[in-house]
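What follows is a short report on a single structure.
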Amino acid sequence: MRQGEVTYSNRTRRPRKKSAKSSKRSQLSVPRWISYGATALFVLVLCLTVNFRAFTELNHEAGENESLNQEIEKLTSENLNLQEEIYYLQNDSSVIEREARKFGFQRKEKKVPVPSDK
């Protein structure tokens with residue numbers, strides 16, 4: 001190597017000029033934790049919103065389930081009463097007569113022929 005040659009290792013470095021971007025970046029420098037915190041806050045709010053919606057739907061469904069169970073119990077009880085009434089109407093003559101009287105039917109009295117002395 002000659003003495004006047006400039007190589008990459010021994011050349012003098014020029015000072016870099018500050019560009020407009022780098023000067024703005026240094027003026028508006030935001031700590032990294034703020035961007036991480038904002039992201040975490042956004043995710044937290046999103047999760048809370050989804051969970052609150054699911055919780056309200058769950059409460060609504062639980063209330064509807066309870067009302068349907070009560071209706072089932074009521075209908076089951078009514079069904080049992082009707083089955084009992086059907087059984088008695090098919091097998092008990094006194095119940096049959098009572099129900100017939102409700103509709104205006106009456107049992108015909110049997111006329112017993114009375115012998116007459118002529």
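What ³J(HN,Hα) values, in whole Hz, does the Karplus curve 6.51 cos²θ - 1.76 cosθ + 1.60 give for the stretch 81-88 when θ = phi - 60°, with x put for Gly and Pro?
Karplus values, whole Hz, x for Gly and Pro: 4, 5, 5, 5, 5, 4, 4, 5.
Whole-Hz Karplus ³J(HN,Hα) for the stretch 51-63, in order, using 6.51 cos²θ - 1.76 cosθ + 1.60 and θ = phi - 60°, x for Gly and Pro?
These are the phi-based 3J(HN,Hα) values: 5, 5, 5, 5, 5, 5, 5, 4, 5, 5, 5, 5, x Hz.
Each reported figure results from applying straightforward, stated rules to the coordinates on display, with no laboratory input. Since the structure is predicted, the reported quantities are computational estimates derived from the model, not experimental observations.
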